1. Could you list, in sequence order, all residues of region 24-48 that are modelled with pLDDT of 95 or more and either touching a Phe, Trp or Tyr at 6+ places or on another chain (Cβ under 9 Å) or not assigned by TED's automatic domain parsing to the domain that holds residue 187 (or both)?
2. Among 362, 326, 340, which is under 19 Å from residue 295 (Cβ atoms) and assigned to a helix (DSSP H, G or I)?
3. Going through region 343-359 one residue at a time, which ones are touching a residue at least 12 places away in the same chain (Cβ under 8 Å) and part of a loop (DSSP other than H, G, I, E, B)?
4. Regarding residue 256, is this residue modelled with pLDDT of 95 or more, crowded, with 19+ Cβ neighbours inside 10 Å, assigned to a helix (DSSP H, G or I) and of a type in the set (D, E, K, R)?
5. Only one residue in 315, 321 is surrounded by 15 or more Cβ atoms within 10 Å (Cβ to Cβ) and not hydroxyl-bearing (Ser, Thr, Tyr), so which one is that?
6. Please indicate, with yes or no, whether at least one residue in region 114-121 is of a type outside the set (A, V, I, L, M, F, W, C), assigned by TED's automatic domain parsing to the domain that holds residue 102 and either in a loop (DSSP other than H, G, I, E, B) or at pLDDT below 95 (or both).
7. Looking only at region 289-312, which residues are surrounded by fewer than 19 Cβ atoms within 10 Å (Cβ to Cβ), in contact with an Asp or Glu (Cβ under 9 Å, 6 or more places away or on another chain) and under 26 Å from residue 103 (Cβ atoms)?
8. Filter region 1-32 down to the residues that are free of Cβ contacts under 8 Å to residues at least 12 places away in the same chain, closer than 14 Å to residue 239 by Cβ and assigned to a helix (DSSP H, G or I) and list them by number.
Amino acid sequence: MGVPLFDPATPTRPLRAELRAAVHAVLDSGAFVLGPEVEAFEREFAAYLGTSHAVGVANGTEAITIALRALGVGPGDDVVVPSFTFWASAEAIPPTGARPVFCDVDDATMLATADTVRAVLTPQTKAVIVPHLFGNVADIAAIEALGVPVVEDTAQAAGSIGPDGVRPGAIGTIATFSFYPSKNLGAFGDGGAVCTASQELADTVRMLRFHGSRDKVDYEAVGYNSRLDEMQAAILRVQLPCLDAWGRHRNLAGERYAAALDGVVRTPQAAAGAAPAWHLYMVRHPRADQLLTALTAKEIGARPYYRTPIHAQAPMLQYAPTDPEAALPVTVQAAREHLAIPMSAVITSAQQDEVVAALTAATGA
């Protein structure tokens, strides 16, 4: 019958009346930028995460750049970031004037670790960007113990739970989110947030998101026009109470895949003590492209995401290590082998059975 790679529409279907009411309320209010909906969402999202401040911004990429700027990152600084992640994690660094320095990831979890970060630290390292890749939860505390502030790139991990029940976004010095429609918590357009327990950092982020001004009169920095708008905030507020249930469903679906695909493909290993709300369920196999062809023929959504890792993309070649095979061996291998298979907050066991059967047939397992 076919299984979509994503299904962002079905989870919100029961919320349509509430979503329409929220949109109409914004239309009736006439307040469209940095109004009561944004303020309410910022409070509610910070409370959900268990942190002090959430600051709505225009998108997840600018969230990272603004977070780095708030940490004082600028020209002459280095920022460590994995090469096996979405382009925006590294793309956000050069606009600050800093240099990306690429680290490898762990073979089992596909996450940056204290060891992979330590291997590339330089005297100029000012920050580390650590994605909670695919919804898995990186060991932020161990990386911050290296003595460098960590920006949690939490774009793919809304709804995940880390060790001791702490949520990604409330672990490191500062965290960033994307609310792109396909994300675990998705707006109906672009949106993002920067979250922190620090009042000073939150105030700086608010200043930077509004052109570098705190009062709309005086300007202390060249900032950004980067604001989460009222309509998207209202839409996110309706969905936020559902995020835990959606996250549990994604986590249980991941456990089902892991059991059913044992011996068929390599499945991602959840980080110790974590309950990932899998945004993407990324399997690995030496013949990943052949599996993609087989799944596509059966109308099963699948795709590689980082077949060319960031360090090998043309704009980043100037920052790439001299010998990537030696410096980033897991990244190079994972780039060749990975393949996303269907995952959503509403994926059914029957749909998963269809995916498993197709993969089993394609691999001959």
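1. 26, 45
2. Result of the check over 362, 326, 340: 362.
3. Result: 343, 344, 345, 346, 347.
4. Criteria not met by residue 256.
5. Being surrounded by 15 or more Cβ atoms within 10 Å (Cβ to Cβ) and not hydroxyl-bearing (Ser, Thr, Tyr) holds for just one of 315, 321, which is 321.
6. No, region 114-121 has no match at all.
7. 304, 307
8. 13, 14, 16, 17, 20, 21
The values are calculated or read from the model by the stated rules, or taken from the named source; none is laboratory data. Here the structure is a predicted model, which means the values were calculated and not measured. Counting neighbours? That spans all protein chains shown, and the Cβs are built from the backbone with ideal geometry, glycine included.
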